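Q: Sending over a structure as structure tokens; questions will come in a sec.
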Amino acid sequence: MRADLSRRWITLALVVWAVVAAWFVWTRWGQITWLALGDTDDNMRLMQVRAWLDGQAWYDLRQYRLNPPDGFDIHWSRIVDLPIAALILLFRPFTTEIGAEKLACGIAPLLPLALVMLGLGATVRRLVHPLAWPVAIAILLGTSATMLMFMPMRIDHHGWQLAMLSLTVAGLCDPRGPRGGATVGLASAVSLAIGLELLPYAIMAGAIIALRWIWDRDEARRLAVYALTLGGGAAAGFAAFASEANHAMRCDALTPVWLSVVVAAGALLLVLALVNPQSRGVRLALAVAAGAAIVAGYVLLFPQCLGRLEGVSPELQRTWLDNVREAKPVYKHPFRVAFPIVALPLVGLIGAALALWMARRDPARLRGWAVVALFSLFAACMLLWQARAGPAAQLLAVPSAVALAWVLVPLVVNHRRMAVRVFGTVGAALIVSGLFAGLILRWLPIDVPSPYVQRVNRANGRCASVTAMTPLNRLPAQTVFTFNDLGPRLITLTHHRAIAGPYHRNGAAILDVQHAFSRSPGQARAIMRRHGATLLLVCPNMAESTVYRARNPGGFYDQLARNRRPAWLTPLPLPKGSPLRLFRID
């Protein structure tokens, strides 16, 4: 049995993944049935796939049902569209079009989970024990933030990027230098072609490989292969997947800006690996010079990218981007939200420190654990920048948590006292998995959502539901003026068009929506007419609506919420109990 667990671990891990995937599809079948896509990005991803399957060009990623007639520029790539589209085409012969979409959206997010399990399994097999991979999968399945990225209907790109991150860690720990370098280079290139969210981790991975070479000259082959696959993979990703809009000198995707940086970095690292001087000091100096050259070139050639990569106006940054909750540091979130996110990364840091100490006499394992420790520390520090780093931080903490479990659990399991064996084992499992955080929160009467927050959460869910939206299809297709956060869901569930969604490249349209709801009724009407809108759709108590009321008392939306309706708006009937309010714009 132990031999099979080790020898056939990839097959067995995939069997575990299949069982887990089937379980999640079964338990979340209701969400699949109601096409309960998680957020605006998931809705926009489905619209992107629909447009492609309906004949939109491969390199044209504009969404023409937002901000008509010009459309809304989406800065993503087609990489994540491929598995969703393939699943839709697979299921089409057996069900309706919408049925095929629901099944695809339910299954597609689970596909990268298989890669994550394999990546983590390979890492712990190399650093902990050949039989440790089931423990890694068990801890992964208990993560509060990471697993959310793989749930059915979460079809946006985060799951695939986390999969590339897990492969990156596995490659960094691979004792075979060329294979490890190729794994890291290709995984980083794919991640960057998908999006720049994990750019800091890709930079960190490259820095770790360079540091390994600086310390050990024999790492030159790893560095050379990494450099070739990173630069070549990024170039191939740009050629195959970059949209027409991404050929501009933008800073928020794999455009010529970042392609130049990545290819240049790969070329310089390849030169360093080929030169490979004997002196460690010379290697350090050359690496520092190469890094300085890349930074200097970036600063001199792309000054437009020295600020926020989104490139939005100061007004939009102030009214929108600076207030995105997931972009705030984790310590600015309520304890009930922050504690479960940081618990496992903190456990991982303890486990990494213990593993480093235990591997101090084994140079090969010491190098591997040094990599994991550096990456885990980096990911934990990223939480102090943005809470959205939580899924990556938890993922990177899994190998170290496994190492801690491999030491701690046997101590209590083999204890001579039965009480210690029973309760100690349970306690150890809760600690090393980070699940203790959720249990503690159940007993702490803190950060309980207020009735106001509960009302907002209900409105956010109800207004975006199929039940609320589909009655709008009884009206002829037309342009609907609605909240930015409601636009992507509106065009997904109805045949209507909308003005905007929360996507930074379209700042003018986003500001138009904000200005219309914030300023006077006369100004609002002028903006709506300029966009050709004939219907106004609002959701009372939705989060975005509360912002307009709080910041702009007496503005158009505040008056509308107080039932002070201007004469140019005519109420239109909706089914009884609908959370929405619909008006004709005269």
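The values are calculated or read from the model by the stated rules, or taken from the named source; none is laboratory data. These numbers come from a predicted model, not from an experiment. Reconstructed Cβ throughout: ideal geometry from the backbone, glycine too, with neighbour counts over all protein chains shown. When the accessible area is computed, the model is the full protein with side chains, heavy atoms only, and any ligands, DNA or RNA have been set aside. Shrake-Rupley method; radii C 1.70, N 1.55, O 1.52, S 1.80 Å.
Q: What nm distance separates the two modelled labels at residue 94 and residue 15, each placed 7 Å from Cα along Cα→Cβ?
A: The modelled label-to-label distance comes out at 2.3 nm.
Q: May I pose another question? Only bridges whose two residues both fall in the chain count here: according to DSSP, what percent of them are antiparallel, nearest 5?
A: Of those bridges, close to 70 percent are antiparallel.
Q: For residue 457 and residue 477, what is the calculated FRET efficiency with R₀ set at 45 Å and r taken between the beta-carbons, to the nearest 0.05?
A: Working: r = 31 Å, r/R0 = 0.68.
Given R0 = 45 Å and the Cβ-Cβ separation, E is 0.90.
Q: Taking the dipole about the Cα centre of region 263-421, with the C-beta of Lys and Arg at +1 and of Asp and Glu at -1, give me whichever of 275, 340, 291 is farthest to the positive side.
A: Toward the positive end, the furthest listed residue is 340.
Q: Now a separate question. In percent, how large is the relative contact order of region 81-234, given Cα pairs closer than 8 Å and 6 or more residues apart?
A: Result for region 81-234 is 20 percent.
Q: Along region 169-176, what does the Karplus equation 6.51 cos²θ - 1.76 cosθ + 1.60 (θ = phi - 60°) give for ³J(HN,Hα), rounded to whole Hz, x for Gly and Pro?
A: Rounded to whole hertz, the list is 5, 4, x, 5, 8, 5, x, 7.
Q: Separate question: Can you list residues whose amide H is under 5 Å from residue 568's amide H, if they're 5+ apart or on another chain and H is modeled 1.01 Å from N?
A: It is none; the list stays empty.
Q: Something else about it: What size of dipole, in debye to the nearest 20, comes out for region 314-413 about its Cα centre when the only charges are +1 on Lys and Arg C-beta atoms and -1 on Asp and Glu C-beta atoms?
A: 140
Q: With a/c under 1.5 counting as rounded, go ahead and sort region 398-497 into rounded, prolate or oblate using the C-alpha gyration tensor (a ≥ b ≥ c being the square roots of the eigenvalues; past the cut-off, prolate if a/b is larger than b/c, else oblate).
A: prolate
Q: In addition: Compute the distance from the alpha-carbon center of region 96-128 to that of region 332-383, in whole Å.
A: Spelled out, the Cα-based centre of one part sits 24 Å from the other.
Q: Just the number please: accessible area per residue for region 203-337, 1.4 Å probe, all protein chains included, in Å². Show your work: numbers first, answer last.
A: Values: 6800 Å² over 135 residues.
Here the residues of region 203-337 average 50 Å² of exposed surface.
Q: Once the Cβ-Cβ distance between residue 336 and residue 23 is put in as r, and R0 is 25 Å, what FRET efficiency do you end up with, to the nearest 0.05?
A: My answer for the efficiency is 0.40.
Q: Rounded to the nearest 10 Å², what accessible area does residue 527 show when all protein chains are kept and the probe is 1.4 Å?
A: Per-residue accessible area (residue 527): approximately 20 Å².
Q: Here's another thing I want to ask about it. Along the charge dipole of region 403-463, Cβ charges K/R +1 and D/E -1, which of 460, 411, 431 sits furthest on the positive end?
A: 460
Q: What is the gain in length, in nm to one decimal, between residue 60 and residue 217 on full extension, counting 0.36 nm per residue of separation less the C-alpha to C-alpha distance?
A: 51.9 nm
Q: Note down the magnitude of the dipole of region 113-221 about its Cα centre, charges +1 on Lys and Arg C-beta and -1 on Asp and Glu C-beta and zero elsewhere, to the nearest 20 debye.
A: 240
Q: Just how far, in whole angstrom, is region 140-211 from region 506-572 if you go by their alpha carbon centroids?
A: One Cα centre to the other: 42 Å.
Q: Next up: With the contact rule set at Cα under 8 Å and sequence spacing of 6 or more, what percent relative contact order holds for region 1-113?
A: Once divided by the residue count of region 1-113, the mean separation gives 23 percent.
Q: How far, in nm, would the chain grow between residue 138 and residue 239 when pulled straight, counting 0.36 nm per residue and subtracting the alpha carbon separation?
A: My answer for the length gained is 32.5 nm.
Q: Given region 447-586, what percent of its DSSP beta bridges are antiparallel, to the nearest 5?
A: Antiparallel bridges: around 75 percent, rounded to the nearest 5.
Q: Indicate the gyration tensor shape class of region 337-462 (rounded, prolate or oblate), computed on the Cα atoms with a ≥ b ≥ c the square roots of the eigenvalues: a/c under 1.5 is rounded; otherwise a/b larger than b/c is prolate and the rest oblate.
A: Cα axes put region 337-462 in the oblate bin.
Q: Just the accessible area for residue 230, please: 1.4 Å probe, Å², rounded to the nearest 10?
A: 10
Q: Here's another thing I want to ask about it. For region 498-586, which whole-number percentage of the solvent-accessible area (1.4 Å probe, protein heavy atoms only) is attributable to carbon and sulfur atoms?
A: Carbon with sulfur: 51 percent of the solvent-accessible area.
Q: Calculate one ³J(HN,Hα) per residue across region 62-79 by plugging θ = phi - 60° into the Karplus curve 6.51 cos²θ - 1.76 cosθ + 1.60, and present them in order as whole Hz with x for glycine and proline.
A: Coupling constants for region 62-79: 6, 9, 7, 9, 10, 6, x, x, 6, x, 10, 6, 10, 8, 7, 10, 7, 4 Hz.
Q: Continuing with the same structure: Note down the nm distance, to one decimal, between modelled labels 7 Å out along Cα→Cβ at residue 2 and at residue 148.
A: Between residue 2 and residue 148, the label points sit 4.0 nm apart.
Q: Determine ³J(HN,Hα), in whole Hz, for all residues of region 332-344 in sequence, where each value follows from phi through the Karplus function 6.51 cos²θ - 1.76 cosθ + 1.60 and θ = phi - 60°; x replaces Gly and Pro.
A: 8, 9, x, 4, 5, 8, 6, 4, x, 6, 8, 4, 5
Q: Efficiency by 1/(1 + (r/R0)^6): what FRET value for residue 440 and residue 295, r their Cβ-Cβ distance, R0 = 51 Å, to the nearest 0.05?
A: The value I calculate is 0.75.
Q: Cα gyration tensor of region 126-218, axes a ≥ b ≥ c as square roots of the eigenvalues: rounded (a/c below 1.5), prolate (a/b > b/c) or oblate?
A: It is oblate, given that a/c is not under 1.5 and a/b is not larger than b/c.
Q: Further, regarding this structure: Given the -39500 (n - 2.57) contribution per DSSP H run of 4+ residues, what per-residue ellipticity at 222 nm results for the chain, rounded to the nearest 500 deg cm²/dmol?
A: After summing the helix terms and dividing by the residues of the chain, the value is -19500 deg cm²/dmol.
Q: Work out the charge dipole of region 1-48 with +1 on the Cβ of Lys and Arg and -1 on the Cβ of Asp and Glu about the Cα centre, then indicate which of 10, 40, 21 is farthest towards its positive end.
A: So the residue we want is 10.
Q: Let me ask something else. Roll a 1.4 Å probe over the protein chains and send me the accessible area per residue for region 438-556 in Å².
A: 43
Q: So how strong a dipole does the chain carry about its Cα centre when Lys and Arg Cβ are +1 and Asp and Glu Cβ are -1, to the nearest 20 debye?
A: The calculation lands at about 1240 debye.
Q: Could you pull out every Cys in the chain that lacks a partner Cys with its beta carbon under 4.7 Å away?
A: So, 105, 173, 381.
Q: Among the lysines, which have Cα under 29 Å from the Cα of residue 102 when same-chain residues fewer than 8 positions away are ignored?
A: 576
Q: Relative contact order of region 259-380: what whole-number percent is it, with Cα pairs under 8 angstrom and at least 6 residues apart?
A: Worked out over region 259-380, it gives 15 percent.
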